[in-house]
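**Q** This is the structure, below, for whatever I ask next.
The values are calculated or read from the model by the stated rules, or taken from the named source; none is laboratory data. Note that the structure is predicted; figures quoted are calculated from it, not measured. Every residue, glycine among them, receives a Cβ derived from its backbone with ideal geometry; neighbour counts consider all protein chains shown.
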Amino acid sequence: MNSPATSDDLPKQMMALRAHARGGPEQLRYEEAPAPAAPGDSEVCLQVRAAAITFDELTWPETWEADGVDRTPIIPSHEVSGVVTALGAEVQGLSVSEEVFGLVPFNRNGAAAEYVLVPAANLVRKPDGVSHVVAAAAVLPALTASEALVHSRLTNDQRLLVRGATGAVGSFVTQFAARMGIKVTATVRSASAVDRAKRYGADEVLVGDDVTRLDPASCDAAIDAAGAGTPDWAYRGVRPGGRLITLQEPPDADLAAAAGVDAMFFIVDPHPEELQRLADQLASGDIEVPIAQTYPLAEGGEAYAARGRTQSPGKIILTVP
Ligand SMILES: NC(=O)c1ccc[n+]([C@@H]2O[C@H](COP(=O)([O-])OP(=O)(O)OC[C@H]3O[C@@H](n4cnc5c(N)ncnc54)[C@H](OP(=O)(O)O)[C@@H]3O)[C@@H](O)[C@H]2O)c1
């Protein structure tokens, strides 16, 4: 059993990006905030080195409330890589000063801060050759992609439709599917993303929602990684009995029934074995982790406001010196 950290060991204050009222990036302030208390029995305190942004997070109810109770002021950014500073009494397999990465549950304070508390089960050791920025960028999209592929029930030689194949989640879905021998029909928003989708492993790439080239029922499953509003054609592109997986909101039951498609939505749940598999994949250097831009934590508000304005695709990362 670890000797628990005492309050004397821990900083009392830290710098953090916080929102005091519901809203978008305009609510975020870089300011002094109370540092986390000593970790609970199964928690770990991290000194944050990198935290990734999922923009939609500011629209999710769990960002703002827990069990129906308002949580403001909140700290966003739940994809983290950092250094262990304190361990709960029952945490095993990790030690102080170790570099780890993982996911902070969405209904508690996130990692846009100097320190964050994370359940030990949501963390894994960061491989030495992998930077904090890459680890933070990969964790949520890669775990989401792996879970979506499990739900797709596809095996090799079947065909998957990936909408938004060069986004953060879509790029991992496409890369993982191709490595599993699954054939990928990708859609991307603009022609400039076609080559990237092919590099990730798609053998057919369609641009935008103009998908007249997509044969009805030609795919065994579809994963919509483009965000809200899955279009009708995505339901019709899957063969009857195949699966459609949406990631932003639950699918339309009427469209699914009309197409005879088994449609579902899920929220990613980090499992230790999946985290370890991701750490091994990152260590192998075998997967491409798209990173659009990094911002220092102090410029976090600007980073959140940069949605749709970055030059290159991929995650936006906050770095903490
Ligand atoms: N359920 C879960 O557990 C979970 C976990 C993580 C994320 N998500 C959700 O998954 C979705 C994707 O997240 P993300 O982080 O990957 O977002 P992202 O990086 O913004 O990726 C979205 C991708 O979709 C593309 N796109 C947008 N409209 C399109 C269209 N009409 N046709 C083809 N492509 C289109 C975008 O193109 P541009 O690059 O040109 O904009 C971008 O490449 C979000 O809704 C997010 O909230 C859910």
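**Q** Among the numbered criteria (1) modelled with pLDDT of 95 or more; (2) basic (Lys, Arg); (3) within 12 Å of the ligand (Cβ to nearest atom), which single criterion is violated by Arg189?
**A** Just one mismatch for Arg189, condition (1).
**Q** Next up: Quick check on this structure: which one of Asp210, Asp203, Asp215 is out of contact with any helix residue (DSSP H, G or I) (no Cβ under 8 Å at 6 or more places or on another chain), more than 26 Å from Thr54 (Cα to Cα) and within 12 Å of the ligand (Cβ to nearest atom)?
**A** Asp210
Here is a yes/no grid of residues against (1) touching a residue at least 24 places away in the same chain (Cβ under 8 Å); (2) in a strand (DSSP E or B):
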position: Pro36; (1), (2): yes, no
position: Asp41; (1), (2): yes, no
position: Val44; (1), (2): yes, yes
position: Ala52; (1), (2): yes, yes
position: Asp56; (1), (2): yes, no
position: Pro76; (1), (2): yes, no
position: Ser81; (1), (2): yes, yes
position: Val84; (1), (2): yes, yes
position: Ser95; (1), (2): no, no
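**Q** Could you pull out the residue among Glu79, Glu43, Glu62 that is within 22 Å of Val268 (Cβ to Cβ), touching a helix residue (DSSP H, G or I) at 6+ places or on another chain (Cβ under 7 Å) and within 16 Å of the ligand (Cβ to nearest atom)?
**A** Working: Glu43 fails: within 16 Å of the ligand (Cβ to nearest atom); Glu62 fails: touching a helix residue (DSSP H, G or I) at 6+ places or on another chain (Cβ under 7 Å).
Among Glu79, Glu43, Glu62, only Glu79 is within 22 Å of Val268 (Cβ to Cβ), touching a helix residue (DSSP H, G or I) at 6+ places or on another chain (Cβ under 7 Å) and within 16 Å of the ligand (Cβ to nearest atom).
Here is a yes/no grid of residues against (1) among the aliphatic types (A, V, I, L, M); (2) more than 18 Å from the chain's Cα centre (by Cα); (3) surrounded by 15 or more Cβ atoms within 10 Å (Cβ to Cβ):
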| position | (1), (2), (3) |
| --- | --- |
| Arg243 | no, yes, yes |
| Ala258 | yes, yes, no |
| Gln276 | no, no, no |
| Ala279 | yes, no, yes |
| Gly308 | no, no, no |
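**Q** Counting just the residues of segment 32-73 that are within 25 Å of Ala226 (Cβ to Cβ) and among the polar types (S, T, N, Q), which one comes out surrounded by the fewest Cβ atoms within 10 Å (Cβ to Cβ)?
**A** Ranking the qualifying residues of segment 32-73, first place goes to Thr59.
**Q** Restricting segment 74-94 to residues that are of a type in the set (A, V, I, L, M) and surrounded by fewer than 18 Cβ atoms within 10 Å (Cβ to Cβ), which is nearest to Ala19 (Cα to Cα)?
**A** At the first step, the residues of segment 74-94 found to be of a type in the set (A, V, I, L, M) are 74-75, 80, 83-84, 86-87, 89, 91, 94.
Adding the requirement that they be surrounded by fewer than 18 Cβ atoms within 10 Å (Cβ to Cβ) leaves 83, 89, 94.
Numbers: Val83: 25, Ala89: 31, Leu94: 32 Å.
Selected residue: Val83.
**Q** May I ask you to verify whether Ser131 is of a type outside the set (Phe, Trp, Tyr) and outside the structural domain of Val69 (by TED's automatic domain parsing)? So that I can check it myself, show each step before the final result.
**A** Values: of a type outside the set (Phe, Trp, Tyr): yes; outside the structural domain of Val69 (by TED's automatic domain parsing): yes.
Yes; evaluated as a whole, the condition is true for this residue.
**Q** Further question on the same structure: Let me spell it out: the conditions are (1) closer than 18 Å to Val100 by Cα; (2) within 16 Å of the ligand (Cβ to nearest atom); (3) free of Cβ contacts under 8 Å to residues at least 60 places away in the same chain, and Ala263 meets all of them except one. Which number is the exception?
**A** (1)
**Q** Count, please, the residues in segment 266-294 that happen to be within 16 Å of the ligand (Cβ to nearest atom) and either more than 19 Å from Pro105 (Cα to Cα) or assigned to a loop (DSSP other than H, G, I, E, B) (or both).
**A** Adding up the residues that qualify gives 14.
**Q** A further question follows. Are any residues in segment 190-214 touching a residue at least 24 places away in the same chain (Cβ under 8 Å) and among the hydrophobic types (A, V, I, L, M, F, W, C), and if so, which ones?
**A** Start the filter on segment 190-214 by keeping residues that are touching a residue at least 24 places away in the same chain (Cβ under 8 Å), which leaves 193, 196-197, 199-202, 205, 209, 211, 214.
If the condition is that a residue be touching a residue at least 24 places away in the same chain (Cβ under 8 Å) and among the hydrophobic types (A, V, I, L, M, F, W, C), then Ala193, Ala197, Ala202, Val205, Val211, Leu214 are the ones that fit.
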